[in-house]
Amino acid sequence: MNISATSFVQQVVPAARKVVFKPAVVGHPIQTVAELRQQIHDDLRRQHPEWIEPGGESSMCDFYESRLSQLLETCARSTPVGVA
C-alpha cells in the first residue's frame, strides 16, 4: 500500500469504527459492516446528488464505495488480530 493510501486508511478506519458504535441520524445503531456500507452508499448519494445519473446510477459513488472497501480490506489484512 502506498503512503497516501496508508494515510487515508489510518484516518478512515478509526472514523468508521466510531460510526459503527454511534446511532444513525434517523435510525438505529449500525451493527454490521453491511449496515455501514449501506449508510455510506446512502450518504454519498445524499451528499452528492450531482453524481446521480437520470436512471439513478452513479459511477462516481460506485467508485468511492469500491475503493473504500478495498482500502478497509487491505487494512484489515495488514492489522494484527487484537490491535486497533
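So the values come out like this:
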quantity	calculated
HN-Hα J in Hz across the stretch 47-54 - Karplus 6.51, -1.76, 1.60, θ = phi - 60°, x for Gly and Pro	7, 10, x, 5, 7, 8, 7, x
In sequence order, calculated HN-Hα J values of the stretch 37-43 (Karplus, 6.51, -1.76, 1.60; Hz; x Gly/Pro)	4, 5, 5, 4, 4, 5, 5
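No value in this document is a laboratory result; all are computed from the given coordinates. Predicted model, so just to flag it, every value in this text is computed and none were measured.
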